[in-house]
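Written below as C-alpha cells is the structure these notes are about.
The values are calculated or read from the model by the stated rules, or taken from the named source; none is laboratory data. Just so you know, these numbers come straight off a predicted model, no measurement behind them. Please note: Cβ atoms are built from the backbone with ideal geometry, for glycine as well, and neighbour counts cover all protein chains shown. Calculation scope for accessible area: heavy atoms of the full protein, side chains included, ligands and nucleic acids excluded. Shrake-Rupley method; radii C 1.70, N 1.55, O 1.52, S 1.80 Å.
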Amino acid sequence: MKLPISWLKDYVDFDDTVEGLSDKLTFSGTEVEGIIRVGSDYCGVVAAEVKAVERHPNADRLSVCEVFDGTDDWQVVCGAPNVAVGGRYPLARIGAVLKGGFKIKKSKIRGVESFGMLCAEDELGLSENHEGLMELPGDAVAGTPLSEILGPPEVILELEVTPNRPDCLSVLGMAREVAALYDTTVNYPDVSLVEAGAAVESATRVDVLDPERCPRYTARILRNVKIGPAPDWMRKRLEYAGIRPINNVVDITNYVMMECGRPLHAFDQSLLQEGRIEVRTARAGEVIRTLDDAERPLQPDMLVIADAANPVAVAGVMGGAGSEIRETTETVLLESACFEPDGIRSTSKTLGLSTESSYRFERGTDVGETEWASRRAASLMQQFAGAETAPGVIDVFPYPPAERNIVCRLERVNSLLGLRGSMNELLRCFALLGLPVVASDESFCTVNVPTFRGDLEREVDLIEEFARLYGLENIPERSPSGRIVKEANDRRVRALYACQANLCALGLNEIQNYSLVSPKLLDLFDGGKSKERETLPHPISADQSVLRTSLIPQMLDTLGKNHARQTHEAGLYECGKVFLHQADGQSPVEVERLCAGLYGPVGRERFDRRRPVAPDEMFLWLKGLFEGLMAAQNVGGWRLTPLENVFLEKGYAVQILLGDQPIGLLGVVNRSVRGAWRFNEPVGVMELDTNELLVHAFSIREIVAPGVYPPVERDVALVADCSLTHDEILRVIEQAAPKALEKVELFDLYEGETIGAGKKSMAYSLTYRSWDKTLTDEEANEYHNGVKRALRESLSVEVREG
Amino acid sequence: MNAEELKQLKEQALEETAEAGSNEALEAVRIRYLGRKGVLQEVMKGLKDQPPQDRPLIGQLANELKQELQAALTDKTAALEGATEGPETLFDYTLPGDWHSMGTRHPLSKITERAVAIFRSLGFTVAEGPDVETVYNNFDALNTPPAHPSRDMQDTFYLDNGDLLRCHTSPVQVRYMQKHRPPVRIIAPGRCYRRDTPDATHSANFHQIEGLYVDEQVSMADLKGTLSYFAGEMMGPGVKIRFRPHFFPFTEPSVECDFSCHVCGGAGCRVCKQSGWIEILGAGMVDPNVFRAVGYDPERITGYAFGMGIERIAMILYGIHDIRMLYENDVRFLKQF
C-alpha cells in the first residue's frame, strides 16, 4: 500500500524523520519496501505565461517562445508539442537546479538563444510524464513560485501489509499503528452531517437476500449533488495512493476507502429500477457491463447488488456501467457494505477481475465501521459536491457479531518468548494498541477485541502483538541447548553425502537438473511410452510438463550442451529422485537414482588427449568408475549381464544386478541418440538405484593382513578367438590355481594382423604367494604350469611361454 | 684377510668402479663387493678368525671400504646418467602435473551439506519427505486457510489425482511429528516446486531447508540463539542476526530473519544493497493449530520452526546473479566449486 505521509499526519501527530518512522514500522511488522519522494521546493521555478510562439528557424520540432515570468519577457526555446500562446507552464529560470542536479543556464539551441526552460512533469520530479509541458491552471499568476501552486513536497511510503492485517490497508489503520509506536492518539475526522429533506426510508429500500455473504449493508441518499472535479488536495492524495481521480463523488468514495479501509460505491439512484437495492446471488444467464466497460457473464454463486430488475454491481468487486455516476447525476445512493471474504475472492478469481475493493474485502473488513464510513463519505459530499443528505441511514445488520474476549496469561507470554516481562508491560502494550483490557490481575488479563482487529482470535495472537511492540530486538538470544533425541536417525542421508563425496573423489562433477522435463526429451529414451509418465495437468510450459522417470535423458542433454559450448570433455554425476507413474490414481512412486555420464578423453593421462576415444575405452572407463564406486560403498555380489536397450549401443550395454535384482545399467549411448546432440564420439552413461549403494556405507569389514613372504610373479600370454571373454579365462585360471595364487592381472590386450584375423592376444601377470613360507621357484613353476595346462586344455588357446 | 690385503681390495674395487662403463657393470661391481654373498660379507664373516687385537682395525677398514665404495658407485651412476642426458639440462618442473583431478559438488549440495553439518552439531538430525505431497500435509495441517492464494492452481503444481508437488519443505514437519513424540529436533533439506515463471530470481524447482525444534519450554529466545549460532557458522564469524515481525500461517509469532552482511560487516556494500543486512530466512513459534493437527497438546509443548532458500544463500555467498545458472550445469561453472 502507498501511504502519503502528509495524509497520515492528518490523524496522528508524531515527531520523527521519514527514516525513523520507516524503521519503526518495519520492525513492528509493516515492512517499508520503499520511500518515494515527490516534488521539491522548486527553487527558481515559477509559473510563466507564454505570449508568443514561433517556429524555430533551424529545427522543425522546436519552437521559440516569448515567455513572461511576472517581471520580464524572456526568449525560451521549447521542444514540447503542447506549448500554446496564453498557456501557463512552469519556467525554470536561469540558475534553477532541477532533478538530478541539472542546472539551468543561458544557452544557444541550434543558433537561437534560450533564457530558461519550460518544464514537463518528469523534469520537475513529479512523475515520469514527458509527453509535454506541465500545464498549470489558467488562473496561475505569472511569477508565482511553483511551490506555492503545487504545495509542499510529499513523501510516500510503500508498505508491505501482511495478509493477517487488512486493517493496515488504510491510512487510519496505519495511524493506529503509528500512534501505538509513538505513544500518542489517533484523531478521527469529523463525520457530522446536516441532514435535510425526506428521510432515507421514504427514498429507497434495501433487501439483503443473502445475509451470510453480506452481513451488513448500509445505504444513504444524497440529493442535489453537483458533479465536478474533487478538490486538488484530494485528487493529489488519490494519485499518490495509486488511484486515478474521476469526479468528486467517485473520488470521495475512493478517498474514504483509502482513509478507513472500507470500499464504498456510489450509484446514480435515478438509474436504478425502482430506485432500490437487492443484495442477492446472480440468476442464471445474467450479464453485467462493469465500469471497465466489459460484458461479464455472471455465475449463480456470485453475489450481486441489483436494483428491482437487474444486477447493477458485482458485490465488492466492481460497479456496473449502467448505474455509474455521470455528469448529470443528482441523487446518489451511497453503499457502504460488508461482504464475506471467500465469496469475493472466488468471484474476483472467476471473473479475473481484481480491484482495490476486492483486494480489501478478500482480506476482511471491519464490520463495525461500515456506517461510520458512509457518514464520512456523506460529510465529504456535503462539503465538496454540494450534496444534501437525506435524514437517516438504512442499515441492514441482522446478526451483529458477539463481543470477543481473549484471556492472555503473563506466564504464557514469557515462556513462549523467553522473556521475563511484567504485567504492567503487557497492559501498556495493549493500551498503546487500543485494545481494551476488561479484567486483569497479576497473572492474566482479558482483552476485549475491537472489530477493526478481526485477526485477533487467540491468546497467541495477543502474544504476537506484545512481541512486536515490545521489540523483537529485546528478546534475548539463548545459547543453543536441548535434549538429545535418542531415536533420531539420519544414516541414510549421511551415507548419501558420503557416496557423493566418493563420486567426486572418482573425478566426477555433480550436476542438478530440474525434476520436470520435456516429454520430447523422454521420447528418445523410453520409446514414447507417455502413459508410463506422470504428466502435470497444468504445467508452466511443455518443456517442464512431465516428472522425470530417469536421470539419463537430462544427463545426455547436459553433456550435449557442454559439448556444444566447445567443452572437450566432461565427467558428471547427479543424485536425484525419479517419479514412477502408478495406475489407479495413486501418486507416483519416488525412487532415488544416481546417474553418471562421460564424454571426451576423461580417462586418459594428460599427454594423450587428442587421440579419438574408442567405445571400448569409454565402456571400460565407465565400468572402472562403477567398480570404484561399488568398492567405496562396500557393495559386493554385483554382476553385469548383456542388455538390449533403445538408447545404448549393442555390445556396450549391460544391466547391473545385485544378487538377482536389477539395480541399474551402464553402457555407451548409441549413434542415433547421441546424434541428437551432434556427438561424433562415444558417450557413456550409467544409472543406479541409489539406496542399494547406501546400505553398507557404514559397515565395517575385518581386514586381511598383508602376506609377509615374498611373492613370485609369472606371466602367461595366450592367443585366443576374439569371442573368448576375459571372464572365461579368469574362471579357468582361478580353478586351476592353488591357494597361493594371490592376484591375476591382465596387462596386455592386442588384436592385429600379426596374430591373424579374429584372434586376440592377452597377457596376464599372476602373483603367487604363500601365507606361511617363501615359495621356491620350483613350487611357483609347478603352479604356473598347472595354470597353463588348464588354459590349453579347457579353452583350446595357444599359450605362449613367458 | 689382513689390513694390507683389505687396503688393496679397496683400491681394486674403486678402480673397477671407475672403469665400469654401464649401469649393468656398476651393478656387477656392487654385487661382487657389497652383495649378500659379496667379498665384504666374507671379510666380516672371517673377522672372528683374526687375532682379537687386529679385529677393530680390520672392522674399521672394512667399514671404510663399504662407505667409500658406496659413494663411488653413487657418483659413477650419476655420471653415467649425466653422460646420456647431455650437459646441464635440468628437468622442466613447470610442466603441468598429471593426476586425475577431484570432481566437485554442486553449489546447492555444498550449501545444503554445510547447513546440515552446522545443525547436526547442535543435535538436529536430518528428516526427509516425498516431493509429491497431499494437500493435507502441505496446507491443511500447516494452518493454511482454505482460500489461501498459495493453494491456487496458479501457484502450486497439482497432479491429476489431487496430490501436489510440495511448495515448501514444511510438510516434513507434519510427517515427522505424526510419527514421533516430542522432543523433536529435525532439519529437512529438500526440493520444492512453485508455479513461478523462470527468471533471474525464480525457478519452478528450488530447494529449502526446514528446521523444527519441539519440546517443553522451547521459546523464541532459543530460536534466536540457534539462528544466531547458525549465522556465524554459515556466513562467517561476526555475522549477527535480527528479527522483523512477519506473518506465516504455520507460525505465530512469525519473523523474518536478516543476517548482517558477511562482506561489509554491516557498513553497506553492493551485496547487501547498502543496507548492511541481508534477508535470509523465515521463522517463528509453531502455531498451536499445527500442533493440534498432529495430535500434540499446545498447552504442554512449544516449538520453533524456520525455513530458508538454499538457492538464495548460494547466490549470495558465491555471487551468482541468475538462479538459472545453478541448473545450467556448465562444466566451467561447476569446476569452480
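Here region A:486-517 is the region considered, the condition is being open to solvent by less than 40 Å² (accessible area, probe 1.4 Å) and charged (D, E, K, R), and the residue that is nearest to residue B:184 (Cα to Cα) is A:490. The number of residues in region B:306-337 being crowded, with 20+ Cβ neighbours inside 10 Å, over 30 Å from residue B:247 (Cα atoms) and in contact with a helix residue (DSSP H, G or I) (Cβ under 6 Å, 6 or more places away or on another chain) comes to 2. No other residue among B:295, B:303 is open to solvent by 10 Å² or more (accessible area, probe 1.4 Å), more than 30 Å from residue A:597 (Cβ to Cβ) and at pLDDT 95 or above apart from B:295. Does residue B:290 count as within 13 Å of another protein chain (Cβ to nearest Cβ), aliphatic (A, V, I, L, M), more than 22 Å from residue B:110 (Cα to Cα) and not in a strand (DSSP E or B)? Yes, satisfied. Of all residues in region A:94-115, those that are in a loop (DSSP other than H, G, I, E, B), buried (at least 17 other Cβ atoms within 10 Å of the Cβ) and under 48 Å from the mean Cα position of the chain (by Cα) total 2.
Does residue B:156 meet the test of being in contact with a strand residue (DSSP E or B) (Cβ under 7 Å, 6 or more places away or on another chain), more than 30 Å from residue A:362 (Cβ to Cβ) and crowded, with 19+ Cβ neighbours inside 10 Å? Answer is no for this residue.
Only one of the numbered conditions (1) in contact with a strand residue (DSSP E or B) (Cβ under 6 Å, 6 or more places away or on another chain); (2) surrounded by fewer than 21 Cβ atoms within 10 Å (Cβ to Cβ) is not met by residue B:263, and that is (1).
One residue alone among B:214, B:172, B:255 is outside any loop (DSSP other than H, G, I, E, B), under 28 Å from residue B:274 (Cβ atoms) and among the β-branched types (Val, Ile, Thr), and that residue is B:255. Considering only residues of region B:110-136 that are open to solvent by less than 10 Å² (accessible area, probe 1.4 Å) and assigned to a helix (DSSP H, G or I), which is nearest to residue A:498 (Cα to Cα)? So the residue we want is B:116.
Going residue by residue through region A:329-345, is there one that turns out to be touching a Ser or Thr at 6+ places or on another chain (Cβ under 9 Å), under 30 Å from residue A:392 (Cα atoms), part of a loop (DSSP other than H, G, I, E, B) and open to solvent by 10 Å² or more (accessible area, probe 1.4 Å)? Scanning region A:329-345 turns up at least one residue that is touching a Ser or Thr at 6+ places or on another chain (Cβ under 9 Å), under 30 Å from residue A:392 (Cα atoms), part of a loop (DSSP other than H, G, I, E, B) and open to solvent by 10 Å² or more (accessible area, probe 1.4 Å). The set of residues from region A:1-56 being more than 30 Å from residue A:73 (Cα to Cα), in a loop (DSSP other than H, G, I, E, B) and not aromatic (Phe, Trp, Tyr) comprises A:1, A:10, A:13, A:15, A:16, A:17, A:28, A:29, A:30. Annotation note: Cβ proximity below 6 Å between a residue of region A:340-353 that is within 8 Å of chain B (Cβ to nearest Cβ) and a residue that is charged (D, E, K, R) (sequence gap 6+ or interchain) occurs for A:341/A:362; A:345/A:362.
Is it the case, given these coordinates, that residue A:533 is charged (D, E, K, R), more than 7 Å from chain B (Cβ to nearest Cβ) and free of Cβ contacts under 8 Å to residues at least 60 places away in the same chain? Criteria met by residue A:533.
For region B:161-168, the condition of being touching a strand residue (DSSP E or B) at 6+ places or on another chain (Cβ under 6 Å), closer than 30 Å to residue A:479 by Cβ and assigned to a loop (DSSP other than H, G, I, E, B) holds for at least one residue. The number of residues in region A:153-178 that are under 21 Å from residue A:431 (Cα atoms) and within 14 Å of another protein chain (Cβ to nearest Cβ) comes to 6. Of all the residues in region A:569-580, those that are open to solvent by 30 Å² or more (accessible area, probe 1.4 Å) and at the interface with another protein chain (Cβ under 10 Å from one of its Cβ atoms) number 2.
Region A:379-497 holds strands (runs of 3 or more DSSP E) entirely within its bounds, and those carrying 2 or more residues that are at pLDDT 95 or above and within 14 Å of chain B (Cβ to nearest Cβ) map to A:405-409. Inclusion of residue A:758 among residues that are touching a Cys at 6+ places or on another chain (Cβ under 9 Å) and open to solvent by 20 Å² or more (accessible area, probe 1.4 Å) is warranted. Screening residue B:139 on (1) closer than 30 Å to residue B:319 by Cβ; (2) open to solvent by less than 70 Å² (accessible area, probe 1.4 Å); (3) not acidic (Asp, Glu) shows it passes everything except condition (1).
For region B:187-205, the set of residues classified as closer than 28 Å to residue B:117 by Cβ and at the interface with chain A (Cβ under 9 Å from one of its Cβ atoms) consists of B:187, B:189, B:191, B:193, B:203, B:205, listed by residue number.
Applying the set (1) within 33 Å of the chain's Cα centre (by Cα); (2) among the aliphatic types (A, V, I, L, M); (3) within 24 Å of residue A:600 (Cα to Cα) to residue A:493 leaves exactly one unmet item: (3). Considering the conditions (1) under 46 Å from the mean Cα position of the chain (by Cα); (2) part of a loop (DSSP other than H, G, I, E, B); (3) crowded, with 19+ Cβ neighbours inside 10 Å, residue A:89 is excluded by exactly one of them, (2). Only one of the numbered conditions (1) surrounded by 16 or more Cβ atoms within 10 Å (Cβ to Cβ); (2) in a helix (DSSP H, G or I); (3) not hydroxyl-bearing (Ser, Thr, Tyr) is not met by residue A:520, and that is (1).
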